[in-house]
1. Name all residues of region 35-53 having a backbone nitrogen under 15 Å from the label point set 7 Å from the Cα of residue 102 along its Cα→Cβ direction, giving them as ranges.
2. Give the Cα extents of region 65-144 along the principal axes, in whole Å, largest first.
């Protein structure tokens, strides 16, 4: 389990910002139902992007930085079928932008074929079909 805060942005000497994530983020269409451990609320969110290590969401309601969550990821596969997989994680950051919350969740473990088979199959199809970069920026052997 990952306990450290995921540092994803670094300020450069010129004052701009550089993404220093280890995993590529992919634009992804879908919804996510987020539940906080120990609470009964379910937050309906839209997916902004996803990587093997985390997910970016848009939410109409604040969920809370640092909370442990279960995420039900819902999407439409290449055949037009609705698919769902579950991941767990921790809210790494949350920012309000006008009337919407931008939320970054760091997964407890990387997405994998055993725990999220439908999602991995779909991401693999997207990567291969659209010639997107492999998921790891550090050039290790890709698993998808």
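1. What the label zone holds, given the 15 Å backbone N cut-off, is 46-50.
2. Largest first, region 65-144 extends 35, 33, 26 Å along its Cα principal axes.
Rule-based calculations on the coordinates, nothing more; no lab input. Quick caveat, the model's predicted, so the values are computed rather than measured. Please note: Cβ atoms are built from the backbone with ideal geometry, for glycine as well, and neighbour counts cover all protein chains shown.
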